[in-house]
Each structure stands twice: as structure tokens, then as C-alpha cells.
1. Kirkwood Rh over alpha-carbon pairs of the range 128-254, then Stokes-Einstein at 20 °C and 1.002 mPa s: what D in µm² s⁻¹, rounded to an integer?
2. Taking only pairs that are 8 or more places apart or on different chains, how many Lys pairs in the range 128-254 have Cα atoms under 25 angstrom apart?
3. Just for the Cα atoms in the chain, what are the lengths along the principal axes, largest first, rounded to whole Å?
4. To the nearest 10 Å², what's D90's accessible area with a 1.4 Å probe?
5. If DNA, RNA and ligands are ignored and the probe is 1.4 Å, what is the ranking of S234, S142 by accessible area, most exposed first?
6. In the chain, if the dipole is taken from +1 on Lys/Arg beta carbons and -1 on Asp/Glu beta carbons about the Cα centre, which of V110, A33, F250 is farthest to the positive end?
7. May I ask you to compute the full-extension gain from Q241 to S185, defined as 0.36 nm times their residue separation minus their alpha-carbon distance, rounded to one decimal in nm?
8. Report, by chain and number, residues whose modeled amide H sits under 5 Å from the one on L158, excluding near sequence neighbours (fewer than 5 apart, same chain).
Amino acid sequence: MPTQKQAWYSYDIKVYHAILLSMLYQCAATVKAKEEVAPFIYRFVFTLKDPPLISFTPGQYILLQIPDGFRQYSISSAPSESTRIETMVDVTPMGPGSRYLLQLKEGGVVNFRAPIGVFTLKENHRPKILLATGTGIAPLKSMILHIAQQQPVPDLYLFWGLRRKKDVYFTSLWSEINAKHPNFSYHICLSRERMDEPHYFNGHMQECITSSITPEVAAQADWYLCGRPIVVESLVTFIQQQYTVPKDRFFHEKYT
Ligand SMILES: Cc1cc2nc3c(=O)[nH]c(=O)nc-3n(C[C@H](O)[C@H](O)[C@H](O)COP(=O)(O)OP(=O)(O)OC[C@H]3O[C@@H](n4cnc5c(N)ncnc54)[C@H](O)[C@@H]3O)c2cc1C
């Protein structure tokens, strides 16, 4: 039996959630594209029907309605593409959310609430260091696309941790952005396979970060991290041990 304090706390949380949900857009959208871009990783594009447009800040996510509730998925498209939303979905949890998304077909209708989240891009001229594992790349891609449309583009470093070459996608996008904006650099860190090609690093992200980021850049930069909680936490600890970075320069989203 909850104490009176716990009961009030739980009531407050429910009220907070109800208020939050009522403040979000309730969106109906059509599945424009669904493709498996790597094993168990699907790219979805949803074209908005009602409302026809949405505005969001890079880094935010949607609450996708599924038969038994909601699941969170980060928006990977740029805010300038306001009539569509792209998400990158890892279906390995294979719970109700994954199963719902797997059975969707192009032309089908989805409902979601959006935009939500405080893991948002801070508009400033600091260098930005973006660290992702797996589909944690999604909100960072939205940030990169948004930053690439700005003038001047601040120094931007992407480190993306995956297991093997077959898990990698978006390589032509990174290479296009790098060709246009040489101050965008990207490092794909493969933990379980060796790749002797430019932009690939063999090993864990930690070693790749220390071999690419100087203490001066680390101290000036904003650090954005996204992925599984244990990885995000261990990366923050590692960075704090290696460099002097004020705590308020870390921004992260943990995929629970
Ligand atoms: C803010 C936020 C944004 C997110 N954005 C994304 C996104 O853009 N793309 C994305 O793919 N996911 C994202 N996630 C994670 C996603 O919402 C969860 O993985 C979701 O719970 C999956 O729903 P499900 O019903 O398939 O599995 P659930 O029934 O919710 O979970 C099933 C079980 O699988 C476990 N599990 C979770 N992840 C994994 C995994 N990777 N491998 C194996 N087991 C796992 C869970 O702990 C649980 O026990 C986000 C999470 C948060 C909090």
C-alpha cells in the first residue's frame, strides 16, 4: 500500500503526463517509406496528414501510439522538412512496439504525439561532439542536418559506435556533408570487425575519441550523447576522466 506522500507523488506524475500529452500535437500520418537499412534496423518515413506540418527542435522524439500504449522514437529528419518525420527503429527488443512497426506497410496510417523531449540542440557557436551507439544516431542526424544548413557551420565531430560493417548505414550522407563542410568529421567505430577504410576506426569509441579530440577542443565543446543508458553513462565517466569538461556541457538521451 503506497504512503500518502507516494500516492500524491504518483497523482502528480499522472497529472503532469496528462498536461504534457495535451500540449503536444496529436498527429496522424501515412507510412511513406519503410526499409530495412541494416539487420533489425528499419527506417520509417511518415508523411503528416493531420496536422499537415509540424515544428520541432533537433533531438526531440515522438510518442508513437501502439495498441497497448506509446513508445518513444527519436526524430532523425531535419526540422526544415516539416511535412514528414523520419525515425530509425531497432526492432531487437521485439516487444509490442517493435512488432507493431514490423507489421506496418507503406500507405498505412500511424498516430503519434509530438514533439517531446529536452535533449535538444543548443544554438551556439561552440564545437559540437556527437556520440551515438546504434539507433542513438537518430536525433544526432537531425542535429547534423540542421547545423549543416547554417552559416558558418561550427566544428562538428561525430563518433558512432556499431559492431560490424553490416550494421552501418547513412555513409553516403556523412560523406556528402563532409565534402560540403570539411569541418564536419565522422568516425565509425566498429567493435567487432576490422575495416581499413577512411572514417572507420577499429575498436571502441573511447580510444577513437582520445585519438581525435584534443583537450582544447574537448574543453570548448558541447557534448551530445545518445544510446543505451549503460553506454551513455560509461562514456560520460570516461570523458570526465580524460578531459576537463564542465558538467553543463553534457547533453544526453538514454534509450530505455
Ligand atoms: C526518449 C527515447 C527515444 C528513443 N528513440 C528510439 C529510436 O529512435 N530508435 C529506437 O530503436 N529506439 C528508441 N528508443 C527505445 C525504444 O523506445 C524502446 O526500445 C522501446 O521500448 C521498444 O519497444 P518494444 O515494445 O519493442 O519493446 P519493450 O516491450 O518496450 O521492451 C522489451 C524488452 O526489451 C528490452 N530491450 C530494450 N532495448 C533492447 C535492445 N536494443 N536489445 C534487446 N533488448 C532490448 C527492454 O528492456 C524490455 O525488457 C527510445 C527510447 C527513449 C526513452
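1. Once the numbers are plugged in, D ends up at 146 µm²/s.
2. Number of lysine pairs found: 12.
3. Sorted largest first, the three principal extents are 49, 48, 38 Å.
4. Accessible area of D90: about 50 Å².
5. The residues order as S234, S142, largest area first.
6. Selected residue: V110.
7. My answer for the length gained is 17.8 nm.
8. L130, S185, Y186, H187
The values are calculated or read from the model by the stated rules, or taken from the named source; none is laboratory data. No experiment lies behind these values; they were computed from the predicted model shown. Counting neighbours? That spans all protein chains shown, and the Cβs are built from the backbone with ideal geometry, glycine included. To get the accessible areas, we keep the full protein, side chains included, count just its heavy atoms, and leave off ligands, DNA and RNA. Shrake-Rupley method; radii C 1.70, N 1.55, O 1.52, S 1.80 Å.
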